[in-house]
Amino acid sequence: MNLYLIGSESLGVRGLSCFIKLSKRSVLIDPGVALGFTRFGLHPHPLQAAFSEISKVLLTLFWRRATDVIITHFHGDHVPLYNANPFQYPLSAVRGLNRRVVIWVKEYGNFTPRERARFESIVKCFNDRVVYISEEVKDESIEILGTYYHGLNTRTKVLAIKVCDGSQCIVHLSDTQLLVSDIIDKVCSCNPKIVITDGPPLYRLKGLMKRHIAKKAMYNAMKLANCADSIIIDHHIARSIEGMKWIDLLRKEIGNRVKCAADYMKTPRMPLEAWRRVLYEVIPVHNSWFTDGSYDGFGKALDAYKDLIKELLKDIPKEVTLNELEIKEILEKITHSPK
């Protein structure tokens, strides 16, 4: 049973996609990618676009290999889109690809209006290969633990997934944000080897609400860590330095069984969403650089920044959260920008 984390905030993009290789099956969960279209009043920096393009290539590679694709919900960072913006994963990338794959989705009645349109575009592409989940279902490798609220967003519901290979299992909690107690208790009863979950969007909260949510999520994370060999926490929580520091605090309490996605993949933490202002400051470009005809996807975005990516991966220490000043100093050294 092998786990590969494809795209998440600590790996440079928005999402919580992963590929799980079993002895007889290969499961791709939440094959989508996104970048916050506006953050700090800025559109994604070209360096972020380069990471987005890498994630798209990996998603296509793993989609080709998958026997099963599970879409926990239809937000733009979890599913290929018929109307993708330049930084999202387009449905055209997988149209006609891998005609044997089975696609698992939640029950139609649990869709929001926006999700329904995205779902219908998937059905047009894959038709009889889409499996609707109307209740808890299970086969020898995949078990749907239920449908739960998207953390603080109670308009959207997400699937909780258990993937098994013999006696070992991995649980993927998608966007429950460590705030839905019912699924926490159910996961603990599974005795999972690994739990993959997002954490709360602390960057959106303030005051007493932020402290309450951070404390509740910490409590639930500790419960999961006590029943699993490893707990991987990423996605919403890793969109800010404050959120990354929250993960570090949890690691101090529990130890290295707690990781972000970058830690698990043994690469430096690259929360580019949190560093967006610094990227524009050190490597200035026009805020709407991608609308002037110069952005054509993988070629230019990656070619222009591949050397910088290599240097960053070499210079940023692993399992360390850098603040804006620290990443600025590293970027200035690599790019030889004046201080």
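The values are calculated or read from the model by the stated rules, or taken from the named source; none is laboratory data. Predicted model, so just to flag it, every value in this text is computed and none were measured. Neighbour counts run over all protein chains shown; Cβ positions are idealised from the backbone, glycine included.
Some notes on this structure:
- Against the criterion of being surrounded by fewer than 18 Cβ atoms within 10 Å (Cβ to Cβ) and either under 30 Å from P46 (Cα atoms) or of a type in the set (K, R) (or both), G109 does not qualify.
- Taking region 196-216 as the range and being out of contact with any strand residue (DSSP E or B) (no Cβ under 9 Å at 6 or more places or on another chain) and among the hydrophobic types (A, V, I, L, M, F, W, C) as the test, the residues that pass are L202, L205, L208, M209, I213, A214.
- Filtered residues of region 33-68 (kept if touching a strand residue (DSSP E or B) at 6+ places or on another chain (Cβ under 8 Å) and outside any helix (DSSP H, G or I)): V33, A34, L35, G36, A66, T67, D68
- Within region 153-184, the residues that satisfy the criterion of being out of contact with any Lys or Arg (no Cβ under 8 Å at 6 or more places or on another chain) and of a type in the set (A, V, I, L, M) are I161, V163, L173, V180, I183.
- Checking each residue in region 70-112 for being in contact with a strand residue (DSSP E or B) (Cβ under 7 Å, 6 or more places away or on another chain), modelled with pLDDT under 95 and closer than 27 Å to G146 by Cβ picks out V101, V102, I103, W104, V105, K106, E107, Y108, N110, T112.
- Residues in region 113-158 that are part of a loop (DSSP other than H, G, I, E, B), modelled with pLDDT of 90 or more and in contact with a strand residue (DSSP E or B) (Cβ under 8 Å, 6 or more places away or on another chain): 2 in all.
- Helices (runs of 4 or more DSSP H) within region 192-267 that include 1 or more residues at pLDDT 95 or above, of a type in the set (S, T, Y) and closer than 30 Å to K310 by Cβ: 261-264
- Meets criteria (touching a strand residue (DSSP E or B) at 6+ places or on another chain (Cβ under 6 Å), more than 12 Å from G146 (Cα to Cα) and surrounded by fewer than 20 Cβ atoms within 10 Å (Cβ to Cβ)) for K193: yes
- The set of residues in region 159-174 that are at pLDDT 95 or above, under 15 Å from the mean Cα position of the chain (by Cα) and not hydrophobic (A, V, I, L, M, F, W, C) contains only H172.
- Screening the candidates S10, S55 for the property of being among the hydroxyl-bearing types (S, T, Y), more than 23 Å from K245 (Cα to Cα) and within 14 Å of the chain's Cα centre (by Cα) yields one hit, S55.
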